[in-house]
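*Asks:* The structure's right below; bear with me while I get my questions together.
The values are calculated or read from the model by the stated rules, or taken from the named source; none is laboratory data. Quantities reported herein were computed from a predicted structural model and do not represent experimental measurements. Here the Cβ positions follow ideal geometry from the backbone for every residue, glycine too, while neighbour counts run over all protein chains shown.
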Amino acid sequence: MYRRILVPLNGTRQAEKILPHALAIARCTGATIVVFRALEKRAEVLTGSFESGAIGAPPPTTIADKKIVEEANRTDAYFEIVRADLQKTGVPCEFLVLEGEPKKTLKAIVEEQRIDLVAMTTSARSSWSKLFAASTADSVLHDINVPLLLLRVER
């Protein structure tokens, strides 16, 4: 039934709590786990660097490049830890790192990677905060046409 399960991770322990559930489904169906992480776009980092620039500070492009490299290095190191843990399970896994906002890139990944199931966590929020900040999970729920497994976790 499921051949490819997308698991978006953002580097937090809360997001990783979906992994045992995704692994259980993958074991039962013979699916591959596709772990995904979105990196901030260079243009967004550059805009932030221009806005926070100070007189005598390095050029915004230098600051943006440094931030992008640092984030990519953190993601690589994080994925090496996750990869080592997942390899122990014997479940086939792939890793994707793409530039862009998670909410926007998830839909494209589902289509391009032929994803059958998206498994992710969602944070427990109050009704008040839901009014002002739509979660990635809520956005995915309305944008994709494959089953979505959500695990509610406390922040």
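*Asks:* Specify the residue that is modelled with the lowest pLDDT; the eligible residues are those in segment 20-36 that are closer than 28 Å to LYS67 by Cβ and out of contact with any Phe, Trp or Tyr (no Cβ under 7 Å at 6 or more places or on another chain).
*Replies:* PHE36
*Asks:* Scan segment 67-96 residue by residue and report those that are β-branched (Val, Ile, Thr), surrounded by 16 or more Cβ atoms within 10 Å (Cβ to Cβ) and not in a helix (DSSP H, G or I).
*Replies:* VAL91 - this is the single residue of segment 67-96 that is β-branched (Val, Ile, Thr), surrounded by 16 or more Cβ atoms within 10 Å (Cβ to Cβ) and not in a helix (DSSP H, G or I).
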